[in-house]
Amino acid sequence: MTAPAELVPVEQQGGAVAVSEAASFIQMIERAARDPSVDIDKMERLMQMHERMVSKKAESDFNDAMTECQKEIRTISADATNPQTRSKYASFAKLDGILRPIYTRHGISISYGTEDTPKADTVRVIAYVARAGYTRKYQVDMPAAGKGAKGGDVMTKTHATGAAMAYGSRYL
């Protein structure tokens, strides 16, 4: 039986092989599986415990990486203007151009999507922020009615949906 990549020794020094904790745990499970006297329910509970430990470690590593990212992130200046509100804002392109090199350097990825929302004329924008087996989900519900600040129609439903997705992604 060939060992999966995560079971390959992680470090070799002076002829001694240091095996990762995950590999040691899996080897223990393999030995127990060969022993007919081993209780399968107990093995299942051990695997669940192992999965919880791996999950907690992944979450801890994610939090550490996020802390390092936040140490590097500075205020991002506005590069676009909203003529309807006469306000300035940082565009998604500018945010992405500055932030992506920081978070990817720390092994973090971000992907965006949408989900159904119970609210009419609303788009739920989702951001999945992930690192090495741990994913945190963020969401924001954005109005997509196509109405302006004074309640009048200012865009089509299609444009309003796209604008809501762009705003949501930028906010997340």
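The figures follow:
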| item | result |
| --- | --- |
| Residue list for the stretch 30-79, filter: in a helix (DSSP H, G or I), among the charged types (D, E, K, R), more than 18 Å from Thr135 (Cβ to Cβ) and without any contact (Cβ under 8 Å) to a residue 12 or more places away in the chain | Glu30, Arg31, Arg34, Asp41, Lys42, Glu44, Arg45, Lys71 |
| Total residues in the stretch 90-126, condition under 24 Å from Ser77 (Cα atoms), free of Cβ contacts under 8 Å to residues at least 12 places away in the same chain and not in a helix (DSSP H, G or I) | 0 |
| Residue that is nearest to Thr67 (Cα to Cα) [pool: residues in the stretch 92-139 that are more than 9 Å from the chain's Cα centre (by Cα) and aromatic (Phe, Trp, Tyr)] | Tyr103 |
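None of the figures in this text is laboratory data; all of them are computed from the coordinates on show. Since this is a predicted model, take the numbers as computed values, not measurements. Backbone-built Cβ (ideal geometry, glycine too); neighbour counts: all protein chains shown.
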